[in-house]
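One structure is given below, encoded as structure tokens.
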Amino acid sequence: MAGELAGKVAIVTGAARGLGRGIAEVFVAEGAHLVIADVNAAQGEEAAAALGPRCRFLKTDVSDREQVQALVDLAVSEFGGLHAIVNNAGITDNLFAPLLDADFAMFRKVMDVNVLGVMLGTQIAARHMAANGGGSVVNLSSISGVRPGFGFFTYRASKAAVINFTQSAASEL
């Protein structure tokens with residue numbers, strides 16, 4: 001690796017496993033100090049331990065403003081700043097059913113994690129970055145946000161919202 005993130009501090013949400021874990025591994029390999037966040041404490045702590053001494057873990061529900069603020073505060077207090085956040089955490093309604101049969105029982109939870117979580121992460125991290133010379137915000141969405149399909153209605157709507165929010169935030173920031 002090229003060490004392109006040497007001396008930088010980053011946060012990756014949803015990083016206990018899957019895509020978030022892979023992103024975290026690349027950030028550490030590139031030299032970043034990293035705080036990973038996830039609701040799964042056991043896997044999050046294991047991931048942080050495996051990633052080494054430049055990594056910390058904080059159990060975080062990204063839909064909770066105070067927990068997201070604590071996440072940013074931890075990055076700043078542990079590593080002296082924040083240069084990047086990757087808002088990766090997300091869940092699905094896992095409802096592969098016709099619209100007429102959908103109960104939308106997971107609507108609020110999916111929207112809270114997938115949309116509000118991205119909005120809070122962007123806002124809180126960007127406030128710190130704006131006051132300290134800038135940084136990068138990366139919001140992950142899905143092809144489901146731009147391509148209609150069968151089922152997963154709440155998930156698809158949440159990912160479309162992330163795309164629109166990100167474009168709007170980029171225009172302002």
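The values are calculated or read from the model by the stated rules, or taken from the named source; none is laboratory data. Note that the structure is predicted; figures quoted are calculated from it, not measured. Here the Cβ positions follow ideal geometry from the backbone for every residue, glycine too, while neighbour counts run over all protein chains shown. Protein only, heavy atoms only, side chains kept; ligands, DNA and RNA dropped before computing areas. Shrake-Rupley method; radii C 1.70, N 1.55, O 1.52, S 1.80 Å.
Observations
- Placing unit charges on the Cβ atoms only, positive for Lys and Arg and negative for Asp and Glu, gives the chain a dipole magnitude near 240 debye about its Cα centre.
- Rolling a 1.4 Å probe over the heavy atoms of the protein chains gives the chain an accessible area of 51 Å² per residue.
- Between I163 and Q69, the contour length at 0.36 nm per residue exceeds the alpha carbon distance by 31.6 nm.
- Remark: the R54-S136 segment gains 27.6 nm on full extension, using 0.36 nm per residue and subtracting the alpha carbon distance.
- Reachable aspartates and glutamates from K8, criterion Cα separation under 17 angstrom, eight or more residues apart if same chain: E25, E30, D73, E78
- Straight-distance crosslink candidates among lysines, where the alpha carbon sits under 21 Å from K159 and sequence neighbours closer than 8 are dropped: K109
- Cα gyration tensor, the stretch 67-126 - rounded (a/c under 1.5), prolate or oblate: prolate
- Shape analysis of the stretch 78-173 places it in the prolate category; the axes a ≥ b ≥ c from the Cα gyration tensor give an a/c of at least 1.5, with a/b above b/c.
- Put the Cα centre of the stretch 92-113 next to the Cα centre of the stretch 7-45 and the gap is 28 Å.
- The charge dipole of the stretch 6-89, taken about the Cα centre with unit charges on the Cβ atoms of Lys, Arg (+1) and Asp, Glu (-1), comes to about 160 debye, rounded to the nearest 20.
- Residue among A102, Q67, I91 farthest towards the positive dipole end of the stretch 51-110, charges placed on Cβ: Q67
- Percent accessible area from carbon and sulfur atoms, the chain, protein chains only, probe 1.4 Å: 56
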